[in-house]
Structures are given as structure tokens and as C-alpha cells.
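Engineer: Here it is, the structure in full.
Every read-out reported here was derived from the displayed coordinates using simple, explicitly stated rules and does not represent laboratory data. Quick caveat, the model's predicted, so the values are computed rather than measured. No Cβ is skipped: glycine too gets one built from the backbone with ideal geometry, and neighbour counts run over all protein chains shown.
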Amino acid sequence: SEMANKFWRDASSLILVFRNSVKIPTNSKFDYSLLMLKRSNKSKFMPNAYVFPGGVTDKHDQDKEWTEILNGCLDSSRKTSHLILKDVPRPLLVQNKSEYDSIEKDLAFRICAIRETFEEAGILLHKVLDPSRTNKFDTNCLAEWRGKVRRDASEFYNMCKNLNICPDTVSYTHLTL
């Protein structure tokens, strides 16, 4: 089995960099900020550390069902296959697909990072699939979905399907806090 030969757990993180709209008075010459989270002091792994949002991939991040949703986010000339580097040396981490029917690991890692950022920080990076059919969602709706996703990673797919959105794996056009 693939897992028996691995010495790591597949995980991904998301680094969010944003330009400050108001110049913050500091000694710094930079006008941007990074999103980092402080881990709980009760965490088994790296307690009290500042980290980028992210975590271990879930089998649902790799589910083949994502293909339809992700392809709906892209214009017809750019399908998900364009996001996968081909004919170049690849790190061992992304060389092999899972044992079950799944999407490419490149995409699964992107979905995982977006899901984990939503779970941990309440920030949802998404695109609207069909603006004419968009379900309006508010803070309460997202808080409810966030709780579901925290309990069960498969709910992230259900949320995207229900809200007519997809994780923005290409260019982050919508940032919902």
C-alpha cells in the first residue's frame, strides 16, 4: 500500500498576502500583511506556534466529484488539467495518485488549503459557478457550514454544491470573511 511506504502525512497550507489599504505607522517599509494563526496551547503539535492556515488532507479533498465543480469555475479554454504541471520533474509528494478514484494531488492540495482556511479562520476563497443561480449566503449561513465542515470534511463539497460556488484554486476572486 502507498501509505505503508510513506513517512509523512499529506498536508497543505495557504499563505494569504494582502496589501494594506491604510498605511500602518510602523518602522517597516512594507505595505502588506500576512494572515497567520496562533495555535492553541493545548495543541499536541506545535502548541502556541504562529502558523499559516492549513492542515492534513482528507480523502474527500481528493474525491473525483470535485472535477465537475472545479471545471465549472474555469472558462471553457482552461480546464483543471491545465493546473497540473506535466513533463517536468515532480516532487514525490505529488507524483502518485491515491489508490481510490481521485483527482490529481495538485488540485487536492489546493482544495485542502482552502477548506482548512475556511475551517480555521472563517475565510472562504471561492468563485461563483453561475451568477444567475447564486444562492445568497450571509454570516450565519457560513458559520453553520463552517461548523459542519469542521466536523466532517465531506461537508465542504456539499456546501460548495449547495451555495453554487467552488474553491478558487486558480485566482482568488472572492474572499468572504
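Engineer: Past 29 Å, Cα to Cα: identify those pairs from Lys42/Lys148; Lys38/Lys64; Lys42/Lys64; Lys59/Lys161; Lys44/Lys148, in the order given.
Structural biologist: On the way: Lys42/Lys148 22 Å; Lys38/Lys64 33 Å; Lys42/Lys64 35 Å; Lys59/Lys161 18 Å; Lys44/Lys148 23 Å.
The pairs that break the limit, which is 29 Å between Cα atoms, are Lys38/Lys64; Lys42/Lys64.
Engineer: Still on this structure, I have one more. Between Ala11 and Leu34, what FRET efficiency follows from the Cβ-Cβ distance if R0 is 25 Å, with the result rounded to 0.05? Numbers along the way, then the final one.
Structural biologist: Values: r = 19 Å, r/R0 = 0.75.
In this case the efficiency is close to 0.85.
Engineer: Using label points projected 7 Å from each Cα along Cα→Cβ, tell me how many nm separate Lys42 and Asn20, to one decimal.
Structural biologist: The answer from the label model is 3.4 nm.
Engineer: Provide the gained length on full extension for the span Asp87 to Ser132, in nm with one decimal, where the gain is 0.36 nm per separating residue minus the Cα-Cα distance.
Structural biologist: Numbers: separation 45, 0.36 × 45 = 16.20 nm, distance 3.89 nm.
Value of the extension gain: 12.3 nm.
Engineer: Here is a further query. Please give the length that would be gained between Glu144 and Glu68 if that part of the chain were fully extended, namely 0.36 nm times their separation in residues minus their C-alpha to C-alpha distance (nm, one decimal).
Structural biologist: Values: separation 76, 0.36 × 76 = 27.36 nm, distance 2.45 nm.
That pair, Glu144 and Glu68, stretches by 24.9 nm at full extension.
Engineer: Could I ask something else about it? If you count, for each residue, the other Cβ atoms within 10 Å and average over each peptide, how do 38-45, 115-122, 50-57 line up from highest to lowest? Working shown, then result.
Structural biologist: Working: 38-45: 9.6, 115-122: 21.2, 50-57: 17.4.
Top to bottom by mean Cβ count within 10 Å: 115-122, 50-57, 38-45.
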